[in-house]
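Please read the structure below before turning to the comments.
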Amino acid sequence: MKGKRIRPHVSCSSSPSTSTSTPTTSSTSRSPVTPEYVRAAARSQPWKMGLEPAGEFNDVASVQIKGTIPDDLIGRAIYAAGPGRIRLEGADCNERYGHWFDGDGSVMAVRFEGPDAASVSHRMVAGERLQEQNALEEGKGMATRGFWTDAGGGWLRNVGRQPSNPRNTAVTVLNGKLLVLCEGGLPAEMDPQTLETVALDAVPPGLEPGCFLSAHGKHDAKTGEYFTFGARLVGPPALDVVRVGADGRVAAQTTVSLGGNIVFVHDFAVTENHIVILIPPWVCAFSELLPSILFEGPLGHRFRYDASLGTKAIVLKRDTLEVVGEAVCDNAFSFYHVANAFEEPAASGDGVTLRVTLAQQRDADRPGLERQFANMYDAEFAPGHHADLWEHELHVSAANDSVRFVSRRAVCEGSASGALALEFPFVNPANAMRKARYAYAVGRSDAPVGGERPTTPSYFDRIQKVDLEHGTSEVHSIPSGQYANEPLFVASSSASREDDGYLLCPLYDATSHELVVRVLDARNVSADAICEVRFDRHVPFRFHGYVV
């Protein structure tokens, strides 16, 4: 793994600690201020305080553990990435990033150290944008451009400047290196013990230059391979698709043309023999790129939803990355996350059937969803902005190398299914890319499948386990006032079934402004937690994590 080495980020103190460790501070050295607009937002929707910046701290011990941490988890650690802040601090506290996904990245580590011992660390990713912001005189606003955010100071501060990389979306381990990822650039390497930023632009050996790397790369637990994709930076709109071999080197890389539109592809699907790139019609004309670079107006806010384009699928062979074919689903759908995909012989005897399960937006109101993300402190998520699990069936013909959409179905239907509006779906990593029975996700208690839709906004406050075969969902109720981040699955050391293991569930407790981690029995998700670990520290909402 190569990367640009940097100096360690130096932090200072933020808030008092009862821990024996030495806490370090906020994302900048500026004094913490909670603006009135944040307090007002939290009075009506308490979960919004979970968006607030947090101090940097290392190895802060838990203050309470209910139950006993299972032996299978002792020595394991959760690493999770998310925006460490979506607004600036100090005199610039009214300056907000133009999208949740544009916030400055940070990484959290929760370590299970014994049956009654755990600790948490939290550090900002010391990328170029954070360093430039810290160097800028207070009161001067945004130092750099983001994909959805212009720098302060007008045209001269933005002309010719590409969007900076927030490195805020996901964490993975590749070649023994802890990486924090974002599709807006290349990964950064973090020290797994201190969470210091060790190197920027850390990429696997053999990667051809000129592309970004997705936040949603996928590991194949059976082969040791890693698959990813990223936007190509030079020329007309295109994606690079990459296969990293079990030896950690790039084994194959190809470029896939996207036509005349810049697209936003957040996640993709991989099966045992194929890769599926699904492209919702959330697009920006390529002609908008030059005006965005030369003038004010971030590129991210130039996208539009054009349902007439349909949702496109591009299918590639997994080993060679050769494009097999393309298909368009005329009944366009929008999504962010894929739960899983697998393949099976086609019933006709010709080729294979690919089945992709994803979190499909309930209402095709992608512009409405993006408006919420653009101003999270004012966001009012309607149930239609969230998603349900859908399975999409595609046929890949061996006779003529063609691809077509065959059908789609809702995995859970009607209130009897017990399912809720969801996000962040995934399966046991050992079953990824192959047929799995169960998927796990966060859920929203006031937005059941097939039920009446609420009129008041809310956020994810449940954990659910979806039976993909029977179309039912088992729901875990977390305490009132707590809100869910993406859960993570850890298999039991004696696992004999797919769901033998644990769900690790980081939560934001709005009643105390603290991090809580609940450990659930994945076989019986609706039961009481096996244990609950509380820290007297706040960590902002996370996007995606990884267990080491």
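Scanning region 133-188 for residues that are of a type in the set (A, V, I, L, M) and within 28 Å of residue 220 (Cβ to Cβ) turns up 170, 171, 173, 174, 178, 179, 180, 181, 186, 188.
Looking only at residues of region 261-279 that are under 20 Å from residue 356 (Cα atoms) and of a type in the set (S, T, N, Q), we find that the one that is nearest to the chain's Cα centre (by Cα) is 271.
Answer yes or no as to whether residue 300 is in a helix (DSSP H, G or I), in contact (Cβ under 8 Å) with a residue 40 or more places away in the chain and not polar (S, T, N, Q). Spell out how you get there, then give the answer.
Numbers: in a helix (DSSP H, G or I): yes; in contact (Cβ under 8 Å) with a residue 40 or more places away in the chain: yes; not polar (S, T, N, Q): yes.
Yes, satisfied.
For region 203-224, a residue qualifies if it is open to solvent by less than 40 Å² (accessible area, probe 1.4 Å) and either closer than 19 Å to residue 543 by Cβ or among the β-branched types (Val, Ile, Thr) (or both), and the qualifying residues are 203, 213, 214, 215, 216, 217.
Being over 25 Å from the mean Cα position of the chain (by Cα) and farther than 21 Å from residue 38 by Cα narrows it down to one of 146, 153, 90, so name that one. Show your work before the answer.
Working: 146 fails: over 25 Å from the mean Cα position of the chain (by Cα); 90 fails: farther than 21 Å from residue 38 by Cα.
Result of the check over 146, 153, 90: 153.
Of all residues in region 447-474, how many are farther than 30 Å from residue 353 by Cβ and surrounded by 18 or more Cβ atoms within 10 Å (Cβ to Cβ)? Before you say what the answer is, go through the steps one by one.
Quick first cut of region 447-474, residues farther than 30 Å from residue 353 by Cβ only: 447-448, 451-463.
Add one more test, that the residue is surrounded by 18 or more Cβ atoms within 10 Å (Cβ to Cβ), and what stays is 447-448, 458-463.
Total meeting the criteria: 8.
Residue count for region 370-417 under the criterion of being polar (S, T, N, Q), open to solvent by 40 Å² or more (accessible area, probe 1.4 Å) and not in a helix (DSSP H, G or I): the result is 4.
Within region 270-279, can one find any residue that is modelled with pLDDT under 95 and buried (at least 19 other Cβ atoms within 10 Å of the Cβ)? Reasoning before the result, please.
Taking region 270-279 as the starting set, the residues that turn out to be modelled with pLDDT under 95 are none.
Within region 270-279 (the criterion being modelled with pLDDT under 95 and buried (at least 19 other Cβ atoms within 10 Å of the Cβ)), the answer is no, since none of the residues qualifies.
Within region 225-257, the set of residues being under 21 Å from residue 147 (Cα atoms), open to solvent by less than 20 Å² (accessible area, probe 1.4 Å) and not in a strand (DSSP E or B) comprises just one member, 237. Pairs are defined by a Cβ separation below 7 Å, a sequence spacing of at least 6 or placement on different chains, a first member in region 156-183 that is on the phi > 0 side of the Ramachandran plot and in contact (Cβ under 8 Å) with a residue 60 or more places away in the chain, and a second member that is crowded, with 22+ Cβ neighbours inside 10 Å and of a type in the set (Gly, Ala, Ser); the pairs so defined are 167/105; 167/127; 167/185; 167/188.
Output the residue which, of all residues in region 322-343 that are among the charged types (D, E, K, R) and in a strand (DSSP E or B), is least open to solvent (accessible area, probe 1.4 Å).
Residues of region 322-343 that are among the charged types (D, E, K, R), as a first pass: 322, 326, 330, 343.
From what is left, the residues that are in a strand (DSSP E or B) are 326, 343.
Values: 326: 92, 343: 32 Å².
Residue satisfying both the conditions and the ranking: 343.
Going residue by residue through region 344-365, is there one that turns out to be assigned to a helix (DSSP H, G or I) and closer than 30 Å to residue 42 by Cβ?
Pass one, region 344-365, residues assigned to a helix (DSSP H, G or I): none.
No: region 344-365 contains no residue that is assigned to a helix (DSSP H, G or I) and closer than 30 Å to residue 42 by Cβ.
Only strands (runs of 3 or more DSSP E) whose full extent lies in region 484-548 are considered here, and the ones with at least 3 residues that are open to solvent by 10 Å² or more (accessible area, probe 1.4 Å) are 488-491, 514-521, 544-547. Specify the residue that is surrounded by the most Cβ atoms within 10 Å (Cβ to Cβ); the eligible residues are those in region 280-297 that are over 21 Å from the mean Cα position of the chain (by Cα) and not in a helix (DSSP H, G or I). Among residues in region 280-297 that are over 21 Å from the mean Cα position of the chain (by Cα) and not in a helix (DSSP H, G or I), the one surrounded by the most Cβ atoms within 10 Å (Cβ to Cβ) is 284.
Among residues of region 232-246 that are on the phi < 0 side of the Ramachandran plot, those with a beta-carbon under 6 Å from a residue that is open to solvent by 60 Å² or more (accessible area, probe 1.4 Å) and among the hydroxyl-bearing types (Ser, Thr, Tyr) at least six positions away or on a different chain give the pairs 232/255; 238/255; 238/257; 240/255.
The values are calculated or read from the model by the stated rules, or taken from the named source; none is laboratory data. Here the structure is a predicted model, which is why all the values come from computation and not from measurement. Glycine gets a Cβ as well: all are built from the backbone with ideal geometry, and neighbour counts include every protein chain shown. Calculation scope for accessible area: heavy atoms of the full protein, side chains included, ligands and nucleic acids excluded. Shrake-Rupley method; radii C 1.70, N 1.55, O 1.52, S 1.80 Å.
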